[in-house]
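Quick note: the coordinates plus some simple rules give every number you see, no bench work behind them. Predicted, not measured: the structure shown is a model, and the values here were computed from it. With ideal geometry, Cβ positions are generated from the backbone for all residues, glycine too; neighbour counts draw on all protein chains shown.
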Amino acid sequence: MRRYFIYLGYNGRNFRGWQIQPNGMTVQQSIEEALAILMRKPVPIVGAGRTDTGVHARLMIAHFDWEEPIEDLVFLAEKLNRLLPKDIAIYKIVPVIPEAHARFDATSRTYKYYITTKKDPFNYELVYKHPGRLDFEAMNEACKVLFDYIDFTSFSKLHTDVKTNNCHIQHAGWTQEGDVWVFTIRADRFLRNMVRAIVGTLLEVGRGRLTIDGFRGVIEAKDRCKAGTSVPGHALFLVDVTYPEKLFLVDS
């Protein structure tokens with residue numbers, strides 16, 4: 001049995017998230033259906049994470065298994081792109097060791113969230129328009145608080161099936177790109193709805209409704225009801241997933 005990593009991206013607007021669900025088309029389902037046509041049998045795939053409805057990925061990684069070596073991976077990626085809808089793109093497919101796992105072996109994941117305070121008719125589908133001014137300096141000060149903790153229960157969707165709410169945040173902060181402010185966060189793992197809940201709570205700091213100490217108190221409460229409202233998913237992007245080099249059989 002041979003294992004392969006698929007590098008891909010997608011615009012999540014028309015999907016019910018990554019993971020297969022009974023009530024709508026998902027990215028995973030779309031790729032599995034295309035693979036089944038090409039390989040002439042079902043080919044399950046496993047993603048590096050689960051993006052929610054409407055959330056995008058500039059880079060997602062998934063793995064699948066095949067009984068024999070696939071000689072032309074470039075051609076397979078091209079054939080997949082022909083079958084897949086325009087809002088999913090396969091970048092490349094690379095061989096990995098049989099034990100490699102797209103989800104469990106990821107050492108970091110990076111998300112970006114895009115916000116603007118100015119109306120723009122060209123980016124409204126991918127950027128969250130926030131009414132009024134925000135204190136991004138205070139929001140960046142609040143970001144520093146995140147590094148003091150590993151338990152982020154306050155930013156997790158309720159009633160999930162995870163064994164722990166611990167995450168190790170490696171980077172978090174806001175930067176400005178023209179009229180758009182970008183929140184970038186990198187961690188070893190994320191909880192369901194975690195990034196959107198963090199951004200929503202940071203906005204409370206930016207509006208002056210929550211102090212830095214108050215933000216710290218939200219985390220320490222370990223109570224989702226204490227955190228801010230989750231921001232909309234249409235401005236959230238998974239942008240990177242990293243793995244140990246030892247997993248790859250060739251330079252990826």
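Site pair residue 67 and residue 226 shows an inter-label distance of 5.6 nm when each label is modelled 7 Å from Cα along Cα→Cβ. Pairs to check: 41/112; 144/222; 86/129; 41/163; 92/112. Give those whose C-alpha atoms are more than 29 Å from each other in this structure. In this structure, 41/112; 41/163 exceed 29 Å between Cα atoms.
Principal-axis analysis of the Cα atoms of the chain puts helix 212-221 at an angle of about 60° to the longest axis. In this rough spin-label picture, where each label sits 7 Å from Cα along the Cβ direction, the residue 14-residue 165 distance is 3.7 nm. For segment 1-77, trypsin sites (Lys or Arg not before Pro) meeting the loop criterion (DSSP other than H, G, I, E, B) and having at most 10 other Cβ atoms within 10 Å: 40. Assuming a viscosity of 1.567 mPa s and a temperature of 4 °C, what translational diffusion coefficient in µm² per second does Stokes-Einstein assign to the chain, Rh being the Kirkwood radius over Cα pairs? Translational D for this selection: 67 µm²/s. Result for the chain in a Gaussian network model with C-alpha springs under 10 Å: among 232, 95, 22, the largest mean-square fluctuation is at 22. For the Cα atoms of the chain, what angle does the longest principal axis make with the long axis of helix 73-83, in degrees from 0 to 90, nearest 10? Approximately 70 degrees, to the nearest ten. To the nearest ten degrees, helix 194-206 and the longest principal axis of the Cα atoms of the chain are 20 degrees apart.
As a ratio to 2.2 N^0.38 Å, the alpha-carbon radius of gyration for segment 2-104 is 0.99.
Here segment 147-252 has an Rg and Dmax of 15.4, 51 Å, counting Cα atoms alone.
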